[in-house]
Every structure is written in structure tokens, then in C-alpha cells.
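The values are calculated or read from the model by the stated rules, or taken from the named source; none is laboratory data. What you see is a predicted model, and the numbers here were worked out from it, not measured in a lab. We place every Cβ from the backbone using ideal geometry, glycine too, and count neighbours over all the protein chains shown.
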Amino acid sequence: MDTVFAQTIINGLLLGGVYAAYSAGFSLIFGVMGVVNLAHGELIMLGAFTSYWLFTYFNLDPYLSAPFAMVFLFLFGYVVQKYIINRVIGQPHIMSYILTFGLHLMIANIAIKIWTQDFRSITTSYSGANVAIWGLNIPLARSVTFMVALFMTWGLWFFLMRTETGRAIRATAQDKEVARLMGVDIRNIYAITFGLGAAITGLSGSVMSPFVIISPEMGLEYTIIAFCVVVLGGMGYMPGALVGGLVLGVAQSLAATYLNAGISVAITFIILFIMLVICPKGILGKGTVA
Amino acid sequence: MNSRIDRIILVIFLGITAALAFLPNFVESEYLLRLITVVIFWIGIAGCWNMMSGYTGYIDFGPVVYFGIGSYVVAIAMTKYGIPFFPSLLLSGIMSSLVAFLVGIPTLRLRGAYFAIATFAFAEAMKQITLEFDRTFSVSFFQGSDGITLPISGHDNSFFFYCVLPVTFLVVLAHYFIEHSKFGYGLKAIKEAETAAEISGVNTTANKLGAYVSSAFFLGLFGAIEAYWITYITPSDVFNVQKTVQMVIMTLLGGMGTFLGPVVGATFLTLISEALGARFVEYYLIMIGGIIIVAILIMPNGIIGSLKIRKKFRFI
């Protein structure tokens, strides 16, 4: 097989793994609460910064600081949902978009105020490392993120299917009134769901930190990609984020190799638009449709 | 009672517009005239969004695409084909509404978040296409990130004031007709319960498409005026998602689906950013974020919407 083609596909799959890792939380939050979280990229940013500071001050490896990012983001997400977003649940969806956009502006700009607009990066011993197999280069750090995405999708599925809290979350997603009558504390479940979504997003931000540029303004583009990924895979369907991420990653990678890098972004949005118009339920046809 | 209040407000509105038409004769300061023009400009743009999304409840997250198409049509018509400004302006509006018609037919079938994301995706795709088209196909048409420089108009600020004022006037007047026509009742019925509206005989597709296309027409005009005013456009400027956000926030602050909502919201936000933006540059966006959050939490219906509920006015 053509080496360039094979390398393109591998790059695409690894990129897709990264996309899948940071989009799963977006899908969870939308699936359960119908909230399109426009501050999603900021959660990634906070996760990446947690790793950055722990690396800078304590020389802690980003993979070891990931649990700290998870805990921090869980608490952050829990509080935000409990005291802010819960107050617009039940109102038209536009309220939640605008509210989370307000959060996006506040978090990003406070972060700029505290950490300045500087671009930062974490340089570990394995940051640029590649494994060469049959003349193909496989970046190490991205492969780890790919594994994390797989593991996270499985873990989330396990949590939702096999635990009592997971059952309560699924019940709330299906019918919140009936769930409430069955004794589920809806507001608490919402807060836990948002916390959980934030935690896995923070985790992905943390495991991405060895190979991405970290800056307070990084969030918005990640939010936009997460949008695309989740729509491709089917909104609210957990494994969809994985499928959508891989498809988008490969499509972008092919466009970047055979056309040019700029047009690959255009192709992302064209795919997204066509997908929504033809099949809003996503590639697997399992997403929820309003 | 209500319709009498409505009529009084219409008269007041016509009076204010007529008075504004003489404004450039009295305002000495160019800065003040420019500021007033910007306020009127944003009232019109926010009004365009309100016409579609405020009344039907379909949240359009990509209205900026029609603004951008307007800017590019006027720029290409003037620089490449040498068409004068006013015919190009009309062409911008027509092109924008034509695109809106073609895009509206498939997208308006989508509901809720899906419509919002589809419109957003379309706007971003258009931005990327204008950015990368020339480089990908080795031509010189949109001129990508280099942008297009329009012919310098040589007109002063009052010229643009008189360009913006009538368009905004038409947008606000269109709101009045939406409030008082079968078409407008149809739009409101779509917002309340689309399926029920359809069963009751409202041609929902035609109504939505009508609102979408007319909003795109006016946005195209505004885009063209701004392009000629600033004389230099790039895709990342005219298709900037920030513009969409501003329209949405202005309308929401004022009150969605109300006649005066965009007027109040746009005036309020433009003046606030003028006052805060200059003095607290570093904290400005944090404050805007805070204002948005507080406004949503304490006044989910906007300034006008809250008054409307309290005073039971239909209009204000």
C-alpha cells in the first residue's frame, strides 16, 4: 500500500482519537440535559492548565496529574451546574446556549487575566517521540490519548449501565418527570452529570497537554470540533463520539494531505452541514432528535 | 386598548425616525454621529435576527453568513465588475436572500439544537471556503485572507448614516407588520407548537422560509453597507461568529420576539461597550460575560419581555 496514504490514515485515526476523547463529555451533557455547552473548550483548557502547573511546579508527569485534573473539573462542573445552569433547566434551550456562552467568555477572559495570553507547552521526554513501524511514524503521546479515549468510552458506558447513579442518569435522560416521581433527585443528578462530563473532559485536556499548545484562548475551537464530532456520531449517544471522532479525524487528515490544510476545516463544516440535513441522527443512526 | 397603544407607539416611532433624519444637520461631533450610526446599525442587525429567531423560536446561529455574503457581493461587484454602489447594494440583498432560500429549504426541517448547529456549520463553511477557495483552485476571486479593498467612497459619515437609517427603519417596520399580520401569527404559532400550527392550517414551511429569507435580505444590505463603509473586508472579519453572538445577545437582552426588544438591547449593549470598552479594556469581556449570565438568570425574557409580562402590554 502507498506509504503516504497509510500514514495519512494513521494520522487521521490518532487525531480522531483525540477528538473522541474530548467530545465524549459534550455528548453526555447534551444527551442527559439537552444543554449545548458552549463553555466545553474551557473545560479542556482548565484540564490542560492543571497539568501544566503541576508539571511546572512539581515536575509531575501529565499522565500522573490527570487524576487531579479530573477531580478538580468534577468539582468545578458540579458547582457550575448546581448553582448556575440548573436555574435555566426547563426554559427554552436558547437560554442554556447563551448562559454557557457567557460562562465561556468569563472563564476564558479571567484565565487570560491571570495567566496572560502566552502560548505554553509541556515538553516531556516523550513529547516528540515516534515509533517507526514499516516506514510509518506513530506519535507516542497521541497513541496514549487514543487509548485513553477508548478506555474512557468503555468506562463511561460501564458507569451508565452498571451503577445505581448511572441508572438514575439514564432514567433522567429518558424522562425527567417520571424519574423524579421514582425518587430521583433531578437537580443532584444534573449536577453529577455535568461534573462527570467536565471530569472526563478535564482528563482529556490533561492527556492532550504533552502535544498541544496551551493558552487561555484555546477553548472555542475545541468546542466547535466537539460539536461536529458529536453530531456526526449521533448526539447523546455515548459511543457515537468515538465513531464521529475517528470519521472526522480521517476525513480531515485526507483533505489535508491531498488538498490543503485550510480546506480541511471547510470540509469539516460541509460534512457537518450535509450530515445534519440528510441524517441528523448521526452515522450510526442512534442519536436523539429533538 | 392594546391596538391603540400599538398605534401610538408606531406614531412615536415614525416621529423619532423623522427627527433622526435631520440629525446630521445638528450634530457637530463626527464621533457622536458615528456612534449613533453604529447604534442604529446594530438595532437593524439584531432586528434581522429577531425577525427569524425571535418570532419562530428557531435559533439561527449563523445569520452572519448573510451579512458576509452581502459584503462579498458588493466588494466583488464593485471591484471586479465596476458596478456602482447602489445597484451592488441591491444585488447583495438579492444574492443573500437567494442563498437563504436554497439553504433554508433543507435546514428549516431541522428543529432545536440541530437547526442551530446546521446554520452555524453553514456559516463557518462559507467562511473557510472564501478563505481557501483561491489557494485551492489557484484563481483570484475571493482573494482569501488578503481580503478585498473596495474603492474609497469619499463620502463622509452622514452618507452612511443615511444608508443605515432607512434599512433599519424597514427592519423595525417589518416587525410591526409581523406583529399585526396573519404571517406573524403563523410565526408565533410555530414557536408555541409547530405541529398544532400545521394541523390548524398554517403553512409552516412557507412562513419559516419567508421569515428566514427576508431576514437574510436585510442582513445582506447591512453587510454591503459596512463593507463600503470600512472599505476593506476579509473572510474572518465579515463572517466573524462574534457578530452572530452579538445579535443574539442584544435581542435576548431586549426581549426575543418583541418589537422593541432589539431596539432596546442593541442600544443598551452598544452604549455599554462604548463606555466600558474604552475605560476597562482588560476587564471588558469578563464584564460582558457577567452581564449575560446575570441577565439570563434574573430576566430570562429580556428587558422588554419582563415589562410586557408585568404590564400586560402587547407591544412594549
* **From the options A:Pro62, A:Pro67, residue that is of a type outside the set (A, V, I, L, M, F, W, C), away from chain B (no Cβ under 14 Å) and under 17 Å from the mean Cα position of the chain (by Cα)** => A:Pro67
* Structure fact -> The correct count of residues that are at pLDDT 75 or above and touching a helix residue (DSSP H, G or I) at 6+ places or on another chain (Cβ under 6 Å) in the range A:121-130 is 1
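Could you grab me the full set of residues in the range A:103-144 that are β-branched (Val, Ile, Thr) and under 30 Å from A:Gln7 (Cβ atoms)?
Keep residues of the range A:103-144 that are β-branched (Val, Ile, Thr), which gives A:107, A:110, A:112, A:114, A:116, A:122-124, A:131, A:133, A:138, A:144.
Passing the criteria: A:Ile122, A:Thr123, A:Thr124, A:Val131, A:Ile133, A:Ile138, A:Val144.
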* To do: Give me a count of the residues in the range A:93-117 that are more than 8 Å from chain B (Cβ to nearest Cβ), under 13 Å from A:Glu42 (Cβ atoms) and not hydrophobic (A, V, I, L, M, F, W, C).
  => 1
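Which of the helices (runs of 4 or more DSSP H) contained wholly in the range A:146-213 include at least 2 residues that are touching a Lys or Arg at 6+ places or on another chain (Cβ under 8 Å)? Please lay out each step first, then the result.
Values: elements: A:164-174, A:176-181, A:186-208.
So the answer is A:186-208.
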* What number goes with the only condition from (1) over 16 Å from A:Gly219 (Cβ atoms); (2) surrounded by 22 or more Cβ atoms within 10 Å (Cβ to Cβ); (3) within 14 Å of chain B (Cβ to nearest Cβ) that A:Leu28 does not pass? -> (3)
* What are the pairs, 6+ residues apart or on separate chains, where a residue within the range A:159-184 that is free of Cβ contacts under 8 Å to residues at least 60 places away in the same chain has its Cβ under 6 Å from a residue that is basic (Lys, Arg)? -> none
* Flag if B:Ala19 is more than 18 Å from the chain's Cα centre (by Cα), assigned to a helix (DSSP H, G or I), closer than 24 Å to B:Pro262 by Cβ and small (Gly, Ala, Ser) -> yes
* Count of the range A:106-125 residues which are surrounded by fewer than 15 Cβ atoms within 10 Å (Cβ to Cβ) and either more than 30 Å from B:Gly290 (Cα to Cα) or among the hydrophobic types (A, V, I, L, M, F, W, C) (or both) -> 4
* Structure fact -> A:Gly90 fails exactly one of (1) among the small types (Gly, Ala, Ser); (2) at the interface with chain B (Cβ under 10 Å from one of its Cβ atoms); (3) not in a helix (DSSP H, G or I), namely (2)
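Listed residues B:Arg111, B:Arg135; which is over 23 Å from the mean Cα position of the chain (by Cα) and over 30 Å from B:Phe13 (Cβ atoms)? If you could, list the steps in order and put the result at the bottom.
On the way: B:Arg111 fails: over 23 Å from the mean Cα position of the chain (by Cα).
Checking each option against the conditions leaves just B:Arg135.
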* Asked: Restricting attention to the range B:119-130, and to residues there that are small (Gly, Ala, Ser) and in contact (Cβ under 8 Å) with a residue 12 or more places away in the chain, which single residue is farthest from the other protein chains (Cβ to nearest Cβ)?
  -> B:Ala123
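Just for the range A:12-25: of the residues that are within 29 Å of A:Gln117 (Cα to Cα) and over 11 Å from the mean Cα position of the chain (by Cα), which one is farthest from the other protein chains (Cβ to nearest Cβ)?
So the first thing to find is which residues in the range A:12-25 are within 29 Å of A:Gln117 (Cα to Cα), and the list is A:14-25.
Then keep just the ones that are over 11 Å from the mean Cα position of the chain (by Cα); that gives A:14-16.
Numbers: A:Leu14: 23, A:Leu15: 18, A:Gly16: 18 Å.
Per the criteria, the residue is A:Leu14.
Within the bounds of the range B:235-258, is there any residue that is within 30 Å of B:Phe141 (Cα to Cα), away from every other protein chain (no Cβ under 13 Å) and not in a helix (DSSP H, G or I)? Show your work before the answer.
Taking the range B:235-258 and keeping what is within 30 Å of B:Phe141 (Cα to Cα), we get B:235-247.
Going one step further and asking which of them are away from every other protein chain (no Cβ under 13 Å), we end up with B:237-238, B:243.
Filter once more, keeping what is not in a helix (DSSP H, G or I): none.
No, there is no match, as no residue in the range B:235-258 is within 30 Å of B:Phe141 (Cα to Cα), away from every other protein chain (no Cβ under 13 Å) and not in a helix (DSSP H, G or I).
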